[in-house]
Amino acid sequence: MFIMENGQQTTTEYQSAEFEIKKSRFIGAIYPCTSQKQALQQLNKLAQNHPNANHLAFSWRIRLPDGFISERCHDAGEPTGTAGRPILSPLQGQNIINVVVGVIRYFGGVKLGTGGLTRAYGNAAKLAINAVQLNPWVEMTEFEMEIKYSELQSLEYELNKCNGQLIEQKFSDKVKVLVLLPLSEKKQLQQQFNHY
């Protein structure tokens, strides 16, 4: 599913949380990721850490370069709609992007029913989400500039003020820099250091 929206939140933290219900153990884990490949790598790590788990259901919401949100959820052998969707729901409700949430289940021998499974998977996801700090998502951009040596310290100061960073520097008669900063700050920075 692909969605286009604003007001998004994300996290840079990994966290997990667990609880038990009717002898089944549920472990929810949230990971930051910026691609489906990264999401799958995180899920593989989670699976490797829990090789005896009965189920690993998951959901992700990842912002694509064109601004659309890729959503995916998987029930991992549980009845349709009882695991993946309940994990996806709080991600959608809080407009969280660039994360994958996986929920491990160790079956305890007592069936929970579809309603019980839905609540348990949703609860595990919410516990993991509540364990991380969510921040407003900011669109970043990367670009090159040429500046004078004497401006390098000033550029670093301006980047620091707007949560940008200097990624690369190449020195010759001028300094060629690669910077990363919020897209909303690009025009102002270019105007401030535009001499060439």
**Prompt:** In region 69-91, which residues are in a helix (DSSP H, G or I) and either among the hydroxyl-bearing types (S, T, Y) or under 30 Å from T141 (Cα atoms) (or both)?
**Reply:** L88, S89, P90, L91
**Asked** Which of (1) under 20 Å from the mean Cα position of the chain (by Cα); (2) surrounded by 14 or more Cβ atoms within 10 Å (Cβ to Cβ); (3) more than 18 Å from P136 (Cα to Cα); (4) modelled with pLDDT under 95 is the odd one out, the single condition D66 does not satisfy?
**Response** (2)
**Complete:** Scanning region 147-195 residue by residue, the ones that are farther than 28 Å from W137 by Cβ and of a type in the set (A, V, I, L, M, F, W, C) total 4
**Request:** Can you tell me which residue within region 69-86, out of those that are β-branched (V, I, T) and over 24 Å from T11 (Cβ atoms), is surrounded by the most Cβ atoms within 10 Å (Cβ to Cβ)?
**Result:** T82
**Residues satisfying the stated conditions in region 40-56, i.e. assigned to a loop (DSSP other than H, G, I, E, B) and surrounded by 20 or more Cβ atoms within 10 Å (Cβ to Cβ)** = none
**Message:** List the residue pairs whose Cβ atoms are under 6 Å apart, where the first residue sits in region 138-167 and is under 14 Å from Q188 (Cα atoms), the second is part of a helix (DSSP H, G or I) and of a type in the set (K, R), and the two are 6 or more positions apart or on different chains.
**Reply:** T141/K186
**Complete:** Taking region 132-170 and the residues there that are in a loop (DSSP other than H, G, I, E, B), in contact with an Asp or Glu (Cβ under 8 Å, 6 or more places away or on another chain) and surrounded by 13 or more Cβ atoms within 10 Å (Cβ to Cβ), the one that is modelled with the highest pLDDT would be V132
**Residue check, I87 in contact with a Ser or Thr (Cβ under 7 Å, 6 or more places away or on another chain), in contact (Cβ under 8 Å) with a residue 60 or more places away in the chain, in the same structural domain as I21 (by TED's automatic domain parsing) and not polar (S, T, N, Q)** = no
**Request:** Go over the candidates V175, V179 one by one and state the one that is under 30 Å from the mean Cα position of the chain (by Cα), outside the structural domain of E78 (by TED's automatic domain parsing) and β-branched (V, I, T).
**Result:** V179
**Prompt:** K37 is checked against (1) basic (K, R); (2) surrounded by 20 or more Cβ atoms within 10 Å (Cβ to Cβ); (3) within 30 Å of L183 (Cβ to Cβ) and fails just one. What number does that condition carry?
**Reply:** (2)
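The values are calculated or read from the model by the stated rules, or taken from the named source; none is laboratory data. Being a predicted model, the structure only gives us computed values, none of them experimental. A quick note on method: Cβ atoms are made from the backbone with ideal geometry, for glycine too, and the neighbour counts reach across all protein chains shown.
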